[in-house]
1. Just report the Cα centroid separation between segment A:665-735 and segment B:146-178, whole Å.
2. Going by alpha carbons, how many degrees (0 to 90, nearest 10) lie between the helix axis of A:713-723 and the longest principal axis of chain A?
3. Explain nothing, just the number: relative contact order of chain A, from Cα pairs under 8 Å at least 6 residues apart, as a whole percent.
4. Mind checking the angle between helix A:468-477 and chain A's longest principal axis? C-alpha axes, 0 to 90 degrees, to the nearest 10.
5. Averaged across A:402-412, how many Cβ atoms of other chains sit within 10 Å of each residue's Cβ atom?
6. For segment A:6-111, what mean projected area does the convex hull of the alpha carbons give, in nm²?
7. Using only Cα atoms, find the angle between the long axis of helix B:246-261 and the longest principal axis of chain B, and express it within 0 to 90 degrees, rounded to the nearest 10.
8. Measure off 7 Å from each Cα along the Cα-to-Cβ vector at residue B:257 and residue B:134, then give the distance between these two points in nanometres to one decimal.
C-alpha cells in the first residue's frame, strides 16, 4: 500500500479527494449495504446500515458519509458488522406490519437487505403501533406510510433535485414520520408530480399509478428522447406486450444523461396515456361524400399524390405549401421540406417555430450569425447571475426549471422579467413586471443604465462587437423616465436590475415566448442581446443566450430548413455552395424566391391563392391566433392533408388524414434547445396502421413519381449530414448511438469533432456581434379604447400546448380546464369571483372561461392557457405579427371582461 | 468601466464538465418543513398556560418520597426532564416562568469550594454578581480589557488558552484551545466570518452549574465569550439558553444591555471595548440540542437533529460559517486563564486535566448544592464533603449519558485518564446520590422514557431502538432470550447511533442491569 492508497477489505484503492468509503468501495467492486444513501443526493447517514470499521478508529463510521483517507484500512464485512446489521435490520423489520415486507418485491431494498443480512425472525414481528398515514388523493402519486423507513431519500430528492419542499419529517424520535405538504395529502401540497421521490424510495412507500403493480417478466427498457418540451430529457421507457398490444408501462429518467441526470417532469414521466388512447387514429381516412372514411395506405397516398399533382399542374407551384412538425423527427421535417421544394418547386415551407421562436432565430442570426442558443443547459450551474425573461420554466420546461431553481438555491442571482409573478420569482433577487409589449423599452432602459454606470465590458464591446456607436446614439435619444413610465416599472427598480446585471460575472440570459410572441418580438430579442453584448456575456462560460425552445424539435425543424427563406443548415436560398450541395443530394437546385410563412400561407389560403396544404402533426385550429380566420383559411383550401395522432379540429377539416406515430413510436433524432441532437427510438409499435412521419413522406414522394429510396431514418440523416455539413457533417445515428445518453451538440462538422457546447467563444460566427438601432414602438394592441386589459396566453405545468396528448392522460385531472388568471384588484373592479365564468372579448372575437383570481398576474394583465379546445383562447387573439419574423402576437391582446 | 469578467463560479472552463454540482443538503422551506420544525420542539406544541413539572432524576426520587412542587391543583401541566433545580427539588415552572419549589427550600443553591482558590465560583461564593457594577468590582471584564490592549490580542489569547490545557466542561472534554484555533484557521482559510456560541443548553438531569452562572454571573459568561470571539476573530456571538431556564435568559439579556450601555460589548459600534454583536437565542424544549450540531440547527430554525461529523462546526457551523460552540462553564474559565496566565491555571488540577470543575450534587446527599473541586479529587472525597445518607446504593454520575458508580469505585479520581480507564463518564459533572431503597425499576423506566422522548429521530437505531426498549420494558420481559435481546439492543444502539446521545444513553442502562439484575425487566419487580 503506498501512502496515497487505502485498503478496503484487503483491496487496495487510491481514494479521490473527499471520496466516501462507500463510493471508493464500489469502485473496487465492494458493495456496502445501505438504505438511506442515494447517488446524487446529500447524505443522511441515518440508517447506519453502511457502518464500517476503520483500523485505529474506535468508532464505527458510516461509509456513505466518511471520507476514505489515504493510509486507512477499512473493513466492511466483519462478524461484528454483520451482527450489528442484522440487529438493525431486525429492528426496522419489527416496526412494520409483516405484510408490507411480504415476499421480496423487486423495488423493496429493505426486503432484499433483510434476506441478505438478517436472519429470519423466530416469530412474526408484531405490527408496531406507529402513526402510519396513507395518501391516495392524487391522480398519479401514492403514499403508504406502513412501508416508510424514514430514510429521507424522498425529502432530499424533493429538496435537492426538484426544489419543491413537499416533504419533511414531523415529530421526533420513534414517533417521527414523513409529512406531505400541509395536510399529508399530495393533492393539496406543492407537489408537481415530478416523481423523483418515487424513483428514490427504497421500499415502495412512495409509488405512482405506473408503479402499483410489479412489472411482467418480459418487460424491457429502451432509451429515447422525451417528446414534450425543448429540454430533451432522456427517457428509459419500459414496455411489454399486454392483451396482445405493446404498452408503455413505466417511464423513468436516464441517470447518466447530461440534460436531465435522471430527473423528469410529470409530463415526461406520466403523460404517455395518449399512446394507447382508444381514439388514436389507426387507419388512413379519406373524405367521401363529406365524411372521413377509413381506407388503405395505398389508396390514401395515391389520393394525396393525385390531388397535389392536379393542383400543382392547374395552379402552379405557388398554390401548394406545407407545415412540418416541430413535434416530429428531424428526418420527417427534412423530407417534407425536400418534397415540396423538389417535387413542387415551392418554398412555401414552414413549421411552428414561426409561431414561437422565429424572432429568436432571426435575431440571433442577425446579431451573432447562428440561429440557436449560444450557451448550454450546463451553463446554468456555472452562472453567477441568471436573467429570466418571459419564460416560466418550472411549468413549461420543468427539468430545466428545476436545475435553475437549484442553481439559485445555491447562490446564483436571479433577475426575473415577466408581467406574471411566476414560481421562480419567489427566489429571485428582483422581479420586474413590465406591462406586456414593452420589452424593447425596458431593455433600452437597462442598457442606458449600464452605460451610465460604466458597467460595460469595454474591451469586449471594442474587440468583439460592431454598431455600438449608433446604438449608443439611439439610446441617448430616449429619456429614462419616459421608458420606465412606458414599461410601468419604477426607475429605481430598473437601476436595481442594472446593478444586478453588472455584478461580478456576465449573466446567462434565458428567454421564452414572452419575449418573442409580440409585434416587436425580433427587436426585443435583439435588444436583450444588446445587454449580453454590453456585458460581454456571449461566448463565456456560465453566460450567454439560452432561449428555451418550446417544442421538442422546434430547433431541429428549423435546422432542417423548414422555413420559407432558409435551406437545411440555415443556408440562404441564394447560397451557391449550399445550392450545389442540394443539387447533388436532391437532383434539383433550390429556388431563389422565398416562400410564404405559416401566417402568410393561411392568409393566402383564405384569399384563394394557396390551394393545397400538407400539415404534419400540428393543430393550427387550436394553436394559431384568430381562430375564425384559421377556420376560413382551412375551409377555403382545395386540399388539406394532415398527419396526426388524433382527429384534431384541424384534422376534421382535412380531405385526407394520415395516422401518425408518436414520439414513443418513432425512430430518428430530435434537437433540443441547446443544439443537442439526440436519438429517438421506438419503444412500442404504433397502433394499427399508423406510420412514422418520415416514412409517410417518403411513400408519398414515390407515389408522386420521385425515386426516393431510404432504408430508414439513419439513411435520411446521412443525407442531412451531407446537405448541411457545417452543422451535422460529423453526425450519424451510429455516432449518436455510441455517444450514449448525451447526444452531440451541433456544430459538429467532422466525425472526430466533439460537438460545440458554446458558440462564439473566440469570434462571432458572423465576425462581430452586432448592435442595432431599434426604435421602440408601442404594439397595435396597446391602449385600445374600450379594451383596457392586456391578455397573455401561455401554458401550465400539466399540459402540453394544445393538449392533444396530455388531455388523454391521468394528469388531465390535475388541470381539467383552462382558467383566466386575473389580479384581485381587477377582479374586484369587474365584479368577478374566483371560479366565476367570465366573458372575455377582444376586437377579434370572444369566449367564456372560468376565472382564477390570483396575484400571479400584474394589475391590468390577464393570463389564459390554451390547452383545451373548448376554451377557444385563440378566438380572442388577433392577427398582429412581428413584421420581421412573422410571429403572431400572443402576448398582448387588448381585451375587455365582464362576469358572464 | 468595470474589470474584465472573471471565470465563472466553478472555475469550470472545461465545457461539458459533466459532474452535477454537489447536493445542497439544505431543506427547502415548504408547508411540511414548517410542520416538521414545529413538531420537533416540545414547547412549540404546548398549550399556553401550561406549567412544567420536573421529572429529572433527583426530582423523580423526591416525588417517590411523596414530595411535590406546590402548583395550584387546577394548573395545566406537562412533564419535562430537568429544570436545573435538582438540589432543591422537586421543582416546577409556571407558564410565566416563576419557579415553584416545596416550602422551606433555600432561594439559592448551596455553593462551596474544595479548591485552593475558586475559579468558576470565585464571585458566586460571595453572592449574586449579575449587576455590572458588582461584577466589575469583582474584576469581570478586566481580562478582556488587558487582552484587547495587548499587541496581538487574538494570538495572545489563543496561545494562553492553548497552553492552559483547559478542556471543555460540557462532557466531551475536547481541548478548548484546539477548538478555537481550528475555528480561527478555518475562518482565515475560507475568508468567512466566524461566529462563537455559548452553549447554555444544560439538559443533563443533575447538572445546574450553567444555570447558576447564567443567572448570577452572566458578565463572566459574556467576558469568556468575548475572549473566545477575540481569539477566533469573530464579531458576532450568540448565547443559547434552554427554555427551561427563563430566569437565566432574562438575566443574560439584562447583563447584555448593561454591557452595551457601558460601551463594553454587545454591538459593533465604534469605541466598544470589543466590537461584538451578541444576541440571546432560546431553546424550545429538546435535550439533543445540547449537542453542538443539533444546537446549530436549532439556531438556524431547523429541527434540532444531530448531524454526522466531520465537518465539525469549527469548519462548517452556523449557516456554514466557522463556529465555536462552547459550554458556559468552560467559557467562565477563560477570563481567569487570560488574566492570571496558563501557568496559574495549570497549578490547579492535574497535568492532563488542569483546572477545576464544579460538581453538582443532588438526590440523597446530606448537603446538596454545587461544589468546585480541583480536577483529580477523588469521587469519595466529594461524596464525603456532600455527606451521603446511610445506605447509599450508587451515584448517577454525569446525567443520562454518564455512568452509575457504586461505592467500591469511589476511589476514582475525577479527571480525564482515571475516569476513562474505569469507563466512567463525568459528563457535565452532576452527581445524583441514589439510596439502597430506591425503586430501580422506576429509575430504569424513567430513563427509557427520557431516551424515547428526547431521541431526535435522525438515525434509525436510536429512534426506533429507544422506542422499542421502552415498550418492552413497560410490558415486561421473561427471563432468558428476550432479556438477552434487550441487552443486545442496548449494545447495538450504543455502537451504531449517529451522535453521542444514542451512543451514551444506553451505557448507564446496561450498567444498571448489570448492577441490579435483569429482573428489573420483569413486569413487576421480582419478590
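1. Each part reduced to its Cα centre gives a spacing of 73 Å.
2. The angle comes out near 60 degrees.
3. Here the relative contact order equals 14 percent.
4. Helix A:468-477 sits roughly 80 degrees off the main axis of chain A.
5. Numbers: counts 0, 2, 0, 1, 5, 2, 0, 3, 6, 2, 1.
Mean shielding by partner chains, rounded to a whole number: 2.
6. Average projection, Cα convex hull of segment A:6-111: 7.4 nm².
7. Tilt relative to chain B: about 20 degrees.
8. The modelled label-to-label distance comes out at 1.8 nm.
Where a number appears in this text, it was derived from the coordinates with a stated rule and is not lab data. On a predicted model such as this, the values are computed, not experimentally measured, just so you know. Methodologically, a virtual Cβ is constructed for each residue, glycine included, from the backbone with ideal geometry; neighbour enumeration extends over all protein chains shown.
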